[in-house]
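Below you'll find the structure, written out as structure tokens, and then a few comments.
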Amino acid sequence: MNAPHRRPRARSARILAALVLISVLSRPSGAQQSDLLASASLEGATRADLQRVIARAESLSALPGTSVSERNQLNSSAARAKSRLEIGDFDVGDRIAIYVQDQPTLCDTFAIRTGRHLLLPNMEELDLTGVLRTELQDHLRSRISQYLREPVVRATPLVRLSVLGSVVHPGYYVLAADLPVAELIMRAGGPNPDGDLAKVQLRRAGAVLSSSTEAGPAIAGGATIDQLSLRSGDEVFVGERRRVGAISMIQVVSGLAGVAVALFAMQNSRHR
């Protein structure tokens with residue numbers, strides 16, 4: 001008599017267990033959140049990449065069981081990607097190296113002006129608001145083709161970074177965004193005798209973007225300015241090797257002197 005009632009209960013239990021399992025497996029992991037945050041910041045991201053970041057972050061944020069901290073991180077990732085789509089990757093003062101075949105006046109480095117406008121010779125101002133680095137060359141080619149027939153255009157975004165700390169020539173450097181950060185350090189003369197390439201930090205407005213444990217392996221692996229999400233105004237700081245303090249050195253010398261005196265005394269006692 002009770003058998004018919006047990007089957008629905010067993011089926012309900014299995015369904016409930018499956019739903020719980022799906023909920024657990026669907027929750028955003030720390031790695032997923034980190035990947036989304038990195039993708040939202042990566043300067044080499046395309047428009048489609050950023051749109052996928054927004055969609056993925058919003059879908060993960062809406063899942064049952066997502067904690068407040070996880071939801072905040074996901075919302076931050078989506079907001080960052082939306083901001084880039086709205087504002088773009090270029091700001092006032094940024095510079096772009098442009099080459100247009102057979103057009104000497106258009107082969108130069110041009111600065112972005114107020115309003116994120118780019119002024120090229122004999123052309124109307126070009127608004128770069130909402131333009132990503134990955135879209136720049138096509139965007140410029142489209143504009144220049146209104147004045148020239150089938151132009152051959154190359155555009156390279158330039159980034160102004162400072163190299164500070166224990167390097168031979170600290171200062172500001174303007175470089176192509178696809179240049180390896182290791183090359184940037186070499187252009188600053190490389191580390192001085194006190195410098196330690198294992199202690200490189202990436203900083204923005206005084207805050208650490210990447211610690212030496214994060215940045216070091218990436219730089220050694222050939223990571224570029226773009227890949228490390230650096231932008232104009234950021235700093236590459238090379239730390240110093242660990243030094244033996246003056247007091248410690250005195251203690252070491254005193255200890256060695258004490259050992260020498262003891263050995264001398266032992267030798268004299270043997271000869272007596």
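All of the numbers you see were taken from the coordinates with simple rules; none came from a lab. Predicted model, so just to flag it, every value in this text is computed and none were measured. Cβ placement follows ideal geometry from the backbone for every residue including glycine, while neighbour counts extend to all protein chains displayed.
Worth a mention:
- Per residue, the convex hull spanned by the Cα atoms of the range 158-240 amounts to 71 cubic angstrom.
- Relative contact order of the range 95-151, defined on C-alpha pairs under 8 angstrom at six or more residues apart (%): 21
- Length gained when the stretch E135-E214 is fully extended (0.36 nm per residue, less Cα-Cα span): 25.6 nm
- Annotation: for a label point projected 7 angstrom from Cα along Cα→Cβ of A48, residues of the range 111-134 with backbone N closer than 17 Å are 132-134.
- Near R149, once Lys and Arg are set to +1 and Asp and Glu to -1 for all other residues with Cβ below 13 Å from its Cβ, the sum equals -1.
- For the range 158-240, the dipole from Cβ point charges (+1 on Lys and Arg, -1 on Asp and Glu) about the Cα centre works out to 200 debye, to the nearest 20.
- Under the Debye formula (equal points on every Cα, no solvent term), log10 I(q)/I(0) of the range 95-151 at q = 0.18 Å⁻¹: -0.58
- Debye intensity ratio in log₁₀ form over the Cα atoms of the range 77-232, taken at each q of 0.09 Å⁻¹: -0.35
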